[in-house]
1. Does Ala57 satisfy being part of a helix (DSSP H, G or I) and in contact with a helix residue (DSSP H, G or I) (Cβ under 6 Å, 6 or more places away or on another chain)?
2. Cβ-Cβ under 9 Å, sequence separation 6+ or interchain: first residue in region 25-50 and touching a residue at least 12 places away in the same chain (Cβ under 8 Å), partner surrounded by 15 or more Cβ atoms within 10 Å (Cβ to Cβ) and among the β-branched types (Val, Ile, Thr). Which pairs?
3. Would you confirm, using the coordinates I've provided, whether Ala69 is of a type outside the set (Lys, Arg), surrounded by 14 or more Cβ atoms within 10 Å (Cβ to Cβ) and modelled with pLDDT of 95 or more?
4. For residues in region 34-54 being touching a helix residue (DSSP H, G or I) at 6+ places or on another chain (Cβ under 7 Å) and of a type in the set (Val, Ile, Thr), which is farthest from Gly20 (Cα to Cα)?
5. Of the conditions (1) aliphatic (A, V, I, L, M); (2) surrounded by 15 or more Cβ atoms within 10 Å (Cβ to Cβ); (3) modelled with pLDDT under 85, Leu12 satisfies every one except a single condition; which number is it?
6. Hey, can you tell me all the residues within region 15-54 that are outside any helix (DSSP H, G or I) and exposed (fewer than 14 other Cβ atoms within 10 Å of the Cβ)?
Amino acid sequence: MPAQDPHNNEFLAPRSRYYGHFSPQNLAFNANLQEFSCRVNTVCGLETGGKITPDDAYQKLKKLWYQLADSYQSLDLDSNR
């Protein structure tokens, strides 16, 4: 099995530093938000390229949005305001 190129993952799904107010919850949500962004980009690319239908794209994006909202609530970020 060939070794994976560690730079390939950085190219396909780059991560940036977190510059906001540090707390474990904020850091975890930032990681979830970056993952959400990467997946939204992928779904949009698949729909634009005709690989999935607009309805499939909508359903996938809706599911991703609810997953992000659930992570926000489970991290109890509303109380940090």
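The values are calculated or read from the model by the stated rules, or taken from the named source; none is laboratory data. Note that the structure is predicted; figures quoted are calculated from it, not measured. Note that each Cβ is placed from the backbone with ideal geometry, even for glycine, and that neighbours are counted across all protein chains shown.
1. Yes; evaluated as a whole, the condition is true for this residue.
2. Close Cβ pairs satisfying both conditions: Val43/Ile52.
3. Working: of a type outside the set (Lys, Arg): yes; surrounded by 14 or more Cβ atoms within 10 Å (Cβ to Cβ): no; modelled with pLDDT of 95 or more: yes.
Spelling it out, it is not the case that Ala69 is of a type outside the set (Lys, Arg), surrounded by 14 or more Cβ atoms within 10 Å (Cβ to Cβ) and modelled with pLDDT of 95 or more.
4. The residue in question is Ile52.
5. The single condition Leu12 does not satisfy is (2).
6. If the condition is that a residue be outside any helix (DSSP H, G or I) and exposed (fewer than 14 other Cβ atoms within 10 Å of the Cβ), then Arg15, Ser16, Arg17, Tyr19, Gly20, His21, Phe22, Ser23, Gly49, Gly50, Lys51, Thr53 are the ones that fit.
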